[in-house]
Structures are given as structure tokens and as C-alpha cells.
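The structure appears below as C-alpha cells.
Values quoted throughout were computed directly from the atomic coordinates according to the rules given, and no laboratory measurement underlies them. Every value quoted in this text rests on a predicted model; they were computed, and no experiment measured them. As a convention, Cβ positions derive from the backbone with ideal geometry for all residues, glycine included, and neighbour counts pool all protein chains shown.
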């Protein structure tokens, strides 16, 4: 009787352990990722660019990516990593935050420091468009009102996206970009 109980328990544990998926962080860094595309509303003149862009990849079942803000001269666009990403594949609901340093802030005594721009997005991802509300604030300046706007970012494909086939490649390239153009906070 005891042997039969232990055998059944062992079978149940074996079935349970094969049904439980490993969390993303427990999977290998060489796991494959797939580009989903760049979504953008950036408008360009001969020298200037204005607007937002999001580059998305699929890492297992979760999106990862970068957020870009253009507000002036073209080149070296301020970039932030998508953080606190929440995605519902059934409805397409997507939300994330991104930290950037768009410019400088004048502090008491005339001192200047890089801005601490926090962007929060909440909306919907469809195959050809990312639509939602984008809120911008500076946590260091709570008395300054945050701005809020509706954005529609259209898919532009994958041609200009980083050529990363694995998470470790993507992270290495992303870290290099963020070191130069990422948030300074």
C-alpha cells in the first residue's frame, strides 16, 4: 500500500513539474527573440525630427523594447528602455514606463543637470499600430504639471531595428545605446 502511494505521488509530481513553465529570468540568455517592428509618428524636416518611436521584440511571450523621443535636431535621439511592461496578448493591451533624459534642468544657483523625464504609456498594440495615452513627468519636479497626450504610432517594419537574434545580443546592443543616449538618472 505504501509503495503504491509513493509511486502515485511520484507520478503526480513528475506530471506537475513538466507542466510548469520556467519564468523568463530562469531561461538562458541565448534564448531567441523576434522583432515585432518599429512603431513611430516621427516627423522630419531637413535638420529636425519630432515625435515618438517604439521598437518592440518578443522575448518568450513578453514584449521588450526601446522608446525614442525626438524634439529637435536629428541624430543621437534620446532613448529609454521599456520597463514595467504589461501585455495582454488576447486584447492587445500594452503599458510600459520609460526613463529618458531629453534635455537639462536649471537648478537653484544656476546649476544644470540632465532632465529626468518619465514616460508612461497605456494603450493597445495591433499589428500595424500602437495607440494610447502617453504621460510625461519629471519626478524631481513634482510641482511641474505632467503632460498627457494621445498618440498613434504606425508600424514601419523591422528594417532599421537592431539585428539581434538572441536576448543576450539584444541586451548587449541595448546597453551600448543606453550608455550614450540613455537616461542620466
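Structure above, values below:
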read-out	value
Single unsatisfied condition, residue 99 versus (1) over 13 Å from the mean Cα position of the chain (by Cα); (2) surrounded by 16 or more Cβ atoms within 10 Å (Cβ to Cβ)	(1)
Counted residues, segment 157-185 - those being part of a loop (DSSP other than H, G, I, E, B) and either under 16 Å from the mean Cα position of the chain (by Cα) or surrounded by 16 or more Cβ atoms within 10 Å (Cβ to Cβ) (or both)	6
